[in-house]
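The values are calculated or read from the model by the stated rules, or taken from the named source; none is laboratory data. Predicted model only: the values in this text are computed from it and were never measured. We place every Cβ from the backbone using ideal geometry, glycine too, and count neighbours over all the protein chains shown. These area figures cover heavy atoms from the full protein model, side chains too; ligands, DNA and RNA do not enter into them. Shrake-Rupley method; radii C 1.70, N 1.55, O 1.52, S 1.80 Å.
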Amino acid sequence: MKVALALILAASTLATVAQTPSSGWNVPKPGVKEVQVSFASLKPSATIKIGGTADWALVTDDAVWVASTKPYAVLRIDPSTDKILATIKVPGEACSGLASGFGSIWVPLCGKKPSLVRVDATKNLITASLPVPPAGPEGGITASDDSVWIVSDKNGTLNRIDPSTNNVRQKISIPPGSYNPFFSNGIVWITGFENSVLTAVEASTGRLLESMPVGPKPRFLTVGGGSVWTLNQGDGTVSRVEEKSRKVIATIQVGIPGAGGDIDYEGESVWPTVLAVPLTRIDASTNKVVRQWVGKGGDSSLWVRFAVADGL
């Protein structure tokens, strides 16, 4: 079967990973053995040296943005040439995702002075530093039609930031231990790692709509095919939640528990990645794992270019 795909595994093809699991998360990742092949069978079209580590990748209309350490920076890459166009140094480690919106790249920073920096996507320079820290590493950030959203503490404070003033315009209480927001179709979805729930917040008003149980310790999430998909670090499953009904309609056994990871939707398929199991393809029409690549690499992914590959 031929499938049109566009994928970069940021951690495996760019450098080593930043989201290194702690010793408590060194758990076996059996995967789905009957559909496994070697990750080395996939040949990268380009390998780009980023820094000490590379993680937190983002695609915009004309660039790929990747966070690095050594130095702490956000790099702008031209996807048509694979060249680094700009290196924007930041005063801390990018630790909770990247978001694009309102002519800017929004970068949550951890460290001695956690904050949120705003990078002008045209001038490639920092234009603002906001005193809104991420709740911690492995969190996230998202942009809706009129706001930027980030969780700032473990108590469940979802901050809605007005990009015209760089000020927090609203604070919404969500379940404690929720860290990763994702905007889609008028809703901000947030995974609740500590309580194993997925929370829906109405983006226009900030009103909390509902929290629904999903798999254990959900962290990263994506939207596609009319559903929200959560990568559950507790047992390595993926939960599928229908957007309209906000009900779990499938729990998919993927066999990739533990810290780190990422998940995307593309080509009527869901694509989780974790260390040692860099890529898994879930057919969204059947909710089945149809192929899984194992080996060195994985942990962060994005979709940026067009290719045709057999067997994917």
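Condition check for VAL37 on (1) assigned to a loop (DSSP other than H, G, I, E, B); (2) of a type in the set (A, V, I, L, M, F, W, C); (3) open to solvent by 30 Å² or more (accessible area, probe 1.4 Å): one failure, at (1).
Results for (1) more than 23 Å from PRO71 (Cβ to Cβ); (2) of a type in the set (A, V, I, L, M); (3) open to solvent by 10 Å² or more (accessible area, probe 1.4 Å), shown as yes or no for each residue.
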{"site": "PRO91", "(1), (2), (3)": "no, no, yes"}
{"site": "GLY103", "(1), (2), (3)": "yes, no, yes"}
{"site": "TRP149", "(1), (2), (3)": "yes, no, no"}
{"site": "SER164", "(1), (2), (3)": "yes, no, yes"}
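When the strands (runs of 3 or more DSSP E) confined to region 69-155 are screened for residues that are free of Cβ contacts under 8 Å to residues at least 12 places away in the same chain, those reaching at least 1 such residues are found at 83-89.
Within region 138-147, take every residue that is surrounded by 17 or more Cβ atoms within 10 Å (Cβ to Cβ) and not aliphatic (A, V, I, L, M) and give me the one that is farthest from GLY260 (Cα to Cα). Filtering first and then ranking leaves SER147. Residue check: PRO71 meets all listed conditions (1) open to solvent by less than 30 Å² (accessible area, probe 1.4 Å); (2) within 22 Å of the chain's Cα centre (by Cα) but one, namely (1). If you check VAL277, VAL270, VAL290, VAL254 for being surrounded by fewer than 18 Cβ atoms within 10 Å (Cβ to Cβ) and in contact (Cβ under 8 Å) with a residue 40 or more places away in the chain, only one passes: VAL290. For PRO216, the criteria (1) within 19 Å of VAL27 (Cβ to Cβ); (2) within 16 Å of the chain's Cα centre (by Cα); (3) open to solvent by 20 Å² or more (accessible area, probe 1.4 Å) hold in every case but one, which is (2).
Check VAL132, VAL119 and return the single one that is surrounded by 17 or more Cβ atoms within 10 Å (Cβ to Cβ) and either under 23 Å from THR53 (Cα atoms) or in contact with a Pro (Cβ under 6 Å, 6 or more places away or on another chain) (or both).
On the way: VAL132 fails: either under 23 Å from THR53 (Cα atoms) or in contact with a Pro (Cβ under 6 Å, 6 or more places away or on another chain) (or both).
The conditions single out VAL119.
Can we say THR230 is among the hydroxyl-bearing types (Ser, Thr, Tyr) and under 16 Å from the mean Cα position of the chain (by Cα)? Yes, satisfied. When residues in region 246-268 are screened for being in a strand (DSSP E or B), within 16 Å of the chain's Cα centre (by Cα) and not charged (D, E, K, R), 2 of them pass.
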